[in-house]
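To start, the structure under review is shown below, and the notes come after it.
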2 protein chains.
Amino acid sequence: MKITILGNNSALPAFGRYPTAQIIDINEKLFLMDCGEGAQMRMQQFGIKSMRINHVFISHLHGDHFYGLVGFISSLSLWGREKELNLYCPKEIKEIIEHQLKWDLGFEIIYRIIEEGEKAILVDEEKYEISCFPVYHSVPTHGFKFIEKKRKRILLPNKLQEYEIPKYFYRHLAEGEDYEMRNGDIIKNEWVTQDGHPNKIYAFCADTRFAPEICEDIQNADLIYHESTYLEDNQHKATERLHSTAKEAAQIAKLSNAKKLLLGHFSSKYKDLQPFIVEASSLFESVELALEGKVFEI
Amino acid sequence: MKITILGNNSALPAFGRYPTAQIIDINEKLFLMDCGEGAQMRMQQFGIKSMRINHVFISHLHGDHFYGLVGFISSLSLWGREKELNLYCPKEIKEIIEHQLKWDLGFEIIYRIIEEGEKAILVDEEKYEISCFPVYHSVPTHGFKFIEKKRKRILLPNKLQEYEIPKYFYRHLAEGEDYEMRNGDIIKNEWVTQDGHPNKIYAFCADTRFAPEICEDIQNADLIYHESTYLEDNQHKATERLHSTAKEAAQIAKLSNAKKLLLGHFSSKYKDLQPFIVEASSLFESVELALEGKVFEI
């Protein structure tokens, strides 16, 4: 799983930083997480093949998370897209798109409206699963969890030969089944296979106040993205505007037992971002800035 | 008068080029001409103080000319703007903005709806005048003419002394009046002053098919911007889609007696823009590419 940062700034673009947008690549399936203004330009700059995006998730109805959406969809249409596009979003986004894009796009948009406070699995495929969970901001807002599912069990060639297991049964072994010999003896799966790779989890926590109640939804993630609009010196602003500080983001990473923390959604008042790392590192060891163009691999 | 190019590409952003947007600066008054997606980021990159923009002109209802508008207005509001903003546009733009920006912006938008085919003076101030004229595209579209008005007459100190003209009358001389002495003799204005600078004219011709009928509206401009979506090798596409080629843009520059031609709105099929200069130069001498970040001074 790879996460490419397209935009990491909060509402007002500043210092060359763009508003929120990320690409999540799970085995070459591309997912667009939020779509701030200029996201499509960023995709081009960073070599993202946007026609390969089939699912778009919008966390909430603040412009810095969706003002690039109408332009993005319009471009897909001009490029001749025919394949449907799945859009997971608040209902107002649907209204805005239908109000602006009245011509025949050439492809269908399949809307999945996310209701306030909803917790649900949105995409459930063999190799990945994507779900949403509520976070706590000034308007209804959701975080999203991207799971690359546990891989199949790994076959051990020596053991397969030793137990003389016929080839037709290998795929059942990969799924975890035991093998029953003609005489009724059982060859236990774990004798001839080993664990596949575990689930990989990326949790995008969107815009939120410090909310320990989200930790159960993002438990044990390999990587969490948590907003840190402010540093602790602006704690009052963070609290007042239902945003978080770098320190609070680090607390969530710690409480949820994340392996790594990605900080983003920086206020336009900060030119230098290094203090965000310093502040979060005092509480949680593995922290990185969600710098635009950077790719984080799990 | 200075023109800064924010975006020069046609519908689909490509090769790092952004959709149409320009800043026209007349004596430090800033005007925004079209507002494609990402225009506000470009303004930041190029050091444009966007809070100083009081007039915005939208040529037509194609997304690459206005998808940055909602984000731009939203940012003005977040920056705490209180001064009214004048918006000259098709009526659908008003509907889109009112549909999306439902909160109290903190400032008023004064709409001046431009009707199909309308030819009118939109802004008429002491030092500048801005008017619109129809061009010919697949939807109702307007070009805009920016005039920095002729400056006052320049006083000649030696002559003022020679004719003993009292100081109180200097400002009348600057306006072109003659001076009448007590004995009734007339001191002709041209004896004691010389011409001020002539009108400076910039004509933005928007998206249009080759349309010699616009020449009367843009006659004798110091600079015209004319779209050249295609080169002559794609003449059929230009004709079919009501766009122009570089050669056609040059013909308009020639027919309208422009001093200089600026080419833009390049199709995403062209990475190298030099052929646009070559093609147009064969017909019209003074041609430049509307490169992003470049400032053209009249």
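The values are calculated or read from the model by the stated rules, or taken from the named source; none is laboratory data. Note that this is a predicted model, so its numbers are computed, not measured. When we count neighbours, we look across all protein chains shown, and the Cβ atoms used for this are built from the backbone with ideal geometry, even at glycine.
Based on this model, can you work out whether A:Asp25 counts as touching a residue at least 12 places away in the same chain (Cβ under 8 Å) and either of a type outside the set (Lys, Arg) or part of a loop (DSSP other than H, G, I, E, B) (or both)?
Details: touching a residue at least 12 places away in the same chain (Cβ under 8 Å): yes; either of a type outside the set (Lys, Arg) or part of a loop (DSSP other than H, G, I, E, B) (or both): yes.
It is true that A:Asp25 is touching a residue at least 12 places away in the same chain (Cβ under 8 Å) and either of a type outside the set (Lys, Arg) or part of a loop (DSSP other than H, G, I, E, B) (or both).
How many residues does region B:49-82 hold that are surrounded by fewer than 17 Cβ atoms within 10 Å (Cβ to Cβ) and among the acidic types (Asp, Glu)?
1
With (1) surrounded by 17 or more Cβ atoms within 10 Å (Cβ to Cβ); (2) in a helix (DSSP H, G or I) as the list, and B:Glu292 as the residue in question, which single condition is left unmet?
B:Glu292 satisfies all of (1) surrounded by 17 or more Cβ atoms within 10 Å (Cβ to Cβ); (2) in a helix (DSSP H, G or I) except (2).
Looking at B:Asp25, B:Asp34 in this structure, which one is surrounded by fewer than 20 Cβ atoms within 10 Å (Cβ to Cβ) and more than 10 Å from every other protein chain (Cβ to nearest Cβ)? Please lay out each step first, then the result.
Details: B:Asp34 fails: surrounded by fewer than 20 Cβ atoms within 10 Å (Cβ to Cβ).
When all the criteria are applied, what remains is B:Asp25.
Residue by residue through region B:77-115, note down the ones that are of a type in the set (Asp, Glu) and either in contact with a Ser or Thr (Cβ under 8 Å, 6 or more places away or on another chain) or more than 26 Å from A:Lys102 (Cβ to Cβ) (or both).
First, the residues of region B:77-115 that are of a type in the set (Asp, Glu): B:82, B:84, B:92, B:95, B:98, B:104, B:108, B:115.
Listed by number, the residues that qualify are B:Glu82, B:Glu84, B:Asp104, B:Glu108.
Determine if region B:8-17 includes at least one residue that is of a type in the set (D, E, K, R), assigned to a helix (DSSP H, G or I) and within 12 Å of chain A (Cβ to nearest Cβ). Please lay out each step first, then the result.
Start the filter on region B:8-17 by keeping residues that are of a type in the set (D, E, K, R), which leaves B:17.
Imposing the further condition that a residue be assigned to a helix (DSSP H, G or I) reduces the set to none.
Checking region B:8-17: not a single residue is of a type in the set (D, E, K, R), assigned to a helix (DSSP H, G or I) and within 12 Å of chain A (Cβ to nearest Cβ).
Could you say whether any residue in region A:78-91 is within 10 Å of chain B (Cβ to nearest Cβ) and either out of contact with any strand residue (DSSP E or B) (no Cβ under 9 Å at 6 or more places or on another chain) or modelled with pLDDT under 95 (or both)? Give the derivation first.
To start, the set of residues in region A:78-91 that are within 10 Å of chain B (Cβ to nearest Cβ) comprises A:78-79.
With either out of contact with any strand residue (DSSP E or B) (no Cβ under 9 Å at 6 or more places or on another chain) or modelled with pLDDT under 95 (or both) added as a condition, the list becomes A:78-79.
Among the residues of region A:78-91, at least one is within 10 Å of chain B (Cβ to nearest Cβ) and either out of contact with any strand residue (DSSP E or B) (no Cβ under 9 Å at 6 or more places or on another chain) or modelled with pLDDT under 95 (or both), which makes the answer yes.
Just to verify a result, which residue in region A:92-143, among those that are within 14 Å of another protein chain (Cβ to nearest Cβ) and of a type in the set (S, T, N, Q), is surrounded by the fewest Cβ atoms within 10 Å (Cβ to Cβ)?
Checked region A:92-143; the qualifying residue surrounded by the fewest Cβ atoms within 10 Å (Cβ to Cβ) is A:Ser138.
Kindly indicate whether A:Gly63 is touching a residue at least 12 places away in the same chain (Cβ under 8 Å), under 14 Å from A:Pro13 (Cβ atoms) and at the interface with chain B (Cβ under 9 Å from one of its Cβ atoms).
On the way: touching a residue at least 12 places away in the same chain (Cβ under 8 Å): yes; under 14 Å from A:Pro13 (Cβ atoms): yes; at the interface with chain B (Cβ under 9 Å from one of its Cβ atoms): yes.
Answer is yes for this residue.
Can you go through A:Arg182, A:Arg151 and tell me which one is part of a loop (DSSP other than H, G, I, E, B) and closer than 29 Å to A:Glu216 by Cα? Break it down into steps so the answer makes sense when it comes.
Details: A:Arg182 fails: closer than 29 Å to A:Glu216 by Cα.
Of the residues listed, the single one that is part of a loop (DSSP other than H, G, I, E, B) and closer than 29 Å to A:Glu216 by Cα is A:Arg151.
Would you pick out the residues in region B:259-298 that are among the aromatic types (Phe, Trp, Tyr) and either out of contact with any strand residue (DSSP E or B) (no Cβ under 7 Å at 6 or more places or on another chain) or under 19 Å from B:Gln22 (Cβ atoms) (or both)?
In the first step, residues of region B:259-298 are kept if they are among the aromatic types (Phe, Trp, Tyr); the result is B:266, B:270, B:276, B:284, B:296.
Correct list: B:Phe266, B:Tyr270, B:Phe276, B:Phe296.
In region A:200-277, which helices (runs of 4 or more DSSP H) lie fully inside it and hold 3 or more residues that are buried (at least 24 other Cβ atoms within 10 Å of the Cβ) and in the same structural domain as A:Arg17 (by TED's automatic domain parsing)?
Values: elements: A:215-218, A:235-240, A:246-255.
Ranges flagged: A:246-255.
Can you name every residue in region B:185-199 that is surrounded by 13 or more Cβ atoms within 10 Å (Cβ to Cβ) and assigned to a loop (DSSP other than H, G, I, E, B)?
Listed by number, the residues that qualify are B:Gly196, B:Asn199.
Of the conditions (1) modelled with pLDDT of 95 or more; (2) surrounded by fewer than 18 Cβ atoms within 10 Å (Cβ to Cβ), B:Arg17 satisfies every one except a single condition; which number is it?
(2)
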